[in-house]
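For reference, the structure discussed in these notes is given below.
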Amino acid sequence: MHDLRVAFVSFSVYEGRNAIYPPLNLCTLATQLEDAGYEVRVFDFAAPLSTIDPYYKEIADFRPSLIGMACFTPYISVFHRISRGLRAAVPNAAMVIGGYHVTVRPEESLQLMPQFDYAMQGECDYAIIALAEMLEGKRFSKDVPGLVYRENGEIRLNPRDVVDDVDVLPIARRSFLDRYYQKSMYGYLTVNSGLDMMITSRGCPYRCSFCFKVEKRYRFRSSESVLAEMDMLQSRGVRHLHIMDDAFTVNKKRCHEIADEMIRRKYGFKLKIRSRVNSIDLEILKKLKRAGVKEIVYGLESGSQAILDSMDKHTTVELNERAVQLTNKAGIFCVGDIMIGMPGETPDTINETIAFLKRNMVIVGNVPYLYPLPGTKVYDDAKANGTLRGEWGTDDCVPWIKLPWIKSIGDLEVAKKRVERAVHRNPVKALYFIWHNPQFLSPGNIKKRIRQLYRMIR
């Protein structure tokens, strides 16, 4: 056992969220370090930010030598505030920041957030062990893959590493979060307890212009690896399982293998998956239904072909419509992601999206306007042509793209609400939702659920 203690720290403090998931990314790194002989704990927080001081104390009482956190660009301002408070509470620990914001803006991450000693780009499965060994004096800084560090008044970057074979990675240990599972901290709009998640692939075979991936190369775990994790989750009593891959059905051969074996093993999971509209057919949908899939989320994004083309989605409105119809025919609850504010968006294209949603039995939650993430094509194009408004930083600014027909970000907010109300105030859609999710109105949850619904439709 090494003397170095490692704490991974996560948080969820956003009011009105319909889902809080376990920080599986940190559990994956923690498992690697624990297997290498380090003492590791994962800390998670889900409460109003005003109540965070006891959380800081709990971490400080662990007396970590190294603290790791992951930064996601849309939440960088609150991340900055929380990590500064953590630095004050644990002044002597080395602090490292990772995540996709660091991958695309490595030097700036250390410049804007001096509370961190190091940053790490890309996938850190092996690099995190190298960092721990560096802190123990067993490696030089230049030998840690993906490390971003200060040296002689300059910020230096090391080439980052990529995991070619994701099957060699250990299954993330949920025991790091047992104290949170026992408190039913993790939940979803229609799930109160017994929820867990899986990630069975990395990267994505598609290149949507608004989407950023830490590593673009698509790699997927074998059927055997996925089923081994499902065996473990079943033994833990998991009832609701969300597979968070962007496109679980893209590798159809693997999808069929997993579904066949799930049917044979009778796991009993209530599954939610994500898929692309051009990678499903009625055969696989019916099989997924038998395997326990209750809900599929599609990245529909828009009901306008012009906007889908602007996004480089390589899909069509007809494919979107076909996927919704086939999913409903298979008896699976259909949910769609919709976004507005892409370059080329107009009141007419928004009306096309509203018309699409009205004529199709698909549920849509919150409809965000485009967040142009750094490192994406849509961000680079907007910066080059002068339509980007604002910039990502540690203040509360959320950048957006100026369209010819809008005067301010408030116009996008109005359009967003108009799309949401087209779905949320439709009584047929409400009945469709309740039919597939009767537990939503179970005794003891009614007040909570009414508040959630009110936030959605107001």
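The values are calculated or read from the model by the stated rules, or taken from the named source; none is laboratory data. Since the structure is predicted, the reported quantities are computational estimates derived from the model, not experimental observations. Every residue, glycine as well, gets a Cβ built from its backbone with ideal geometry; the counts of neighbours run over all protein chains shown.
Looking at Ile354, Ile406, Ile401, can you tell me which residue is modelled with pLDDT of 95 or more, in the same structural domain as Val324 (by TED's automatic domain parsing) and over 25 Å from the mean Cα position of the chain (by Cα)? First the steps, then the outcome.
Details: Ile406 fails: modelled with pLDDT of 95 or more; Ile401 fails: over 25 Å from the mean Cα position of the chain (by Cα).
Among Ile354, Ile406, Ile401, only Ile354 is modelled with pLDDT of 95 or more, in the same structural domain as Val324 (by TED's automatic domain parsing) and over 25 Å from the mean Cα position of the chain (by Cα).
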Residue within segment 10-29 that is crowded, with 20+ Cβ neighbours inside 10 Å, of a type outside the set (D, E, K, R) and assigned to a strand (DSSP E or B) present: no
Consider segment 232-266. How many of its residues are of a type in the set (Ser, Thr, Tyr) and crowded, with 19+ Cβ neighbours inside 10 Å? 1
Could you grab the pairs with beta carbons closer than 9 Å, sequence gap of 6+ or different chains, first residue in segment 274-303 and touching a residue at least 40 places away in the same chain (Cβ under 8 Å), second one part of a helix (DSSP H, G or I) and among the acidic types (Asp, Glu)? Val277/Glu321; Ser302/Glu352; Gly303/Glu321; Gly303/Glu352
Evaluation of Asp380 against (1) exposed (fewer than 15 other Cβ atoms within 10 Å of the Cβ); (2) part of a loop (DSSP other than H, G, I, E, B) (one fails), failing number: (2)
Would you point out which residue out of Ala88, Ala94, Ala119 is aliphatic (A, V, I, L, M) and either at pLDDT below 95 or out of contact with any Leu (no Cβ under 6 Å at 6 or more places or on another chain) (or both)? Ala88
Has segment 255-271 got any residue that is within 24 Å of the chain's Cα centre (by Cα), outside any strand (DSSP E or B), in contact (Cβ under 8 Å) with a residue 12 or more places away in the chain and farther than 22 Å from Ser225 by Cα? no
Given the options Arg418, Arg389, name the one that is within 15 Å of Glu345 (Cβ to Cβ), surrounded by fewer than 19 Cβ atoms within 10 Å (Cβ to Cβ) and in contact with a Phe, Trp or Tyr (Cβ under 7 Å, 6 or more places away or on another chain). Arg389
Can you confirm whether Gly68 is buried (at least 21 other Cβ atoms within 10 Å of the Cβ) and either at pLDDT 95 or above or touching a strand residue (DSSP E or B) at 6+ places or on another chain (Cβ under 8 Å) (or both)? yes
Quick one: what pairs do we get from segment 398-418, first residue within 23 Å of Gly365 (Cβ to Cβ), second in a loop (DSSP other than H, G, I, E, B) and among the charged types (D, E, K, R), C-beta under 7 Å, 6+ apart or different chains? Pro399/Glu391
Just the residues that are among the hydrophobic types (A, V, I, L, M, F, W, C) and closer than 23 Å to Ser223 by Cα, please, taken from segment 173-203. Leu195, Met197, Met198, Ile199
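Here are Pro48, Pro74, Pro54: which of them is surrounded by fewer than 19 Cβ atoms within 10 Å (Cβ to Cβ), more than 25 Å from Ile129 (Cα to Cα), out of contact with any Asp or Glu (no Cβ under 8 Å at 6 or more places or on another chain) and free of Cβ contacts under 8 Å to residues at least 40 places away in the same chain?
Working: Pro48 fails: out of contact with any Asp or Glu (no Cβ under 8 Å at 6 or more places or on another chain); Pro74 fails: free of Cβ contacts under 8 Å to residues at least 40 places away in the same chain.
Exactly one of Pro48, Pro74, Pro54 is surrounded by fewer than 19 Cβ atoms within 10 Å (Cβ to Cβ), more than 25 Å from Ile129 (Cα to Cα), out of contact with any Asp or Glu (no Cβ under 8 Å at 6 or more places or on another chain) and free of Cβ contacts under 8 Å to residues at least 40 places away in the same chain, namely Pro54.
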Being polar (S, T, N, Q) and either in contact with a His (Cβ under 9 Å, 6 or more places away or on another chain) or modelled with pLDDT of 95 or more (or both) is the filter; apply it to segment 136-160 and report the residue that is nearest to Tyr100 (Cα to Cα). Asn158
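Yes or no, residue by residue, for (1) touching a Cys at 6+ places or on another chain (Cβ under 7 Å); (2) free of Cβ contacts under 8 Å to residues at least 60 places away in the same chain; (3) of a type in the set (Phe, Trp, Tyr); (4) on the phi < 0 side of the Ramachandran plot:
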| site | (1), (2), (3), (4) |
| --- | --- |
| Glu318 | no, yes, no, yes |
| Arg322 | no, yes, no, yes |
| Asp337 | no, yes, no, yes |
| Thr353 | no, no, no, yes |
| Phe356 | no, yes, yes, yes |
| Asn360 | no, yes, no, yes |
| Pro368 | no, yes, no, yes |
Subset of segment 345-364, residues touching a helix residue (DSSP H, G or I) at 6+ places or on another chain (Cβ under 7 Å) and part of a loop (DSSP other than H, G, I, E, B), comes to Glu345, Asn360, Met361, Val362, Val364
Quick one: in segment 106-154, which of the residues that are of a type in the set (Val, Ile, Thr) and in contact (Cβ under 8 Å) with a residue 60 or more places away in the chain is surrounded by the fewest Cβ atoms within 10 Å (Cβ to Cβ)? Ile129
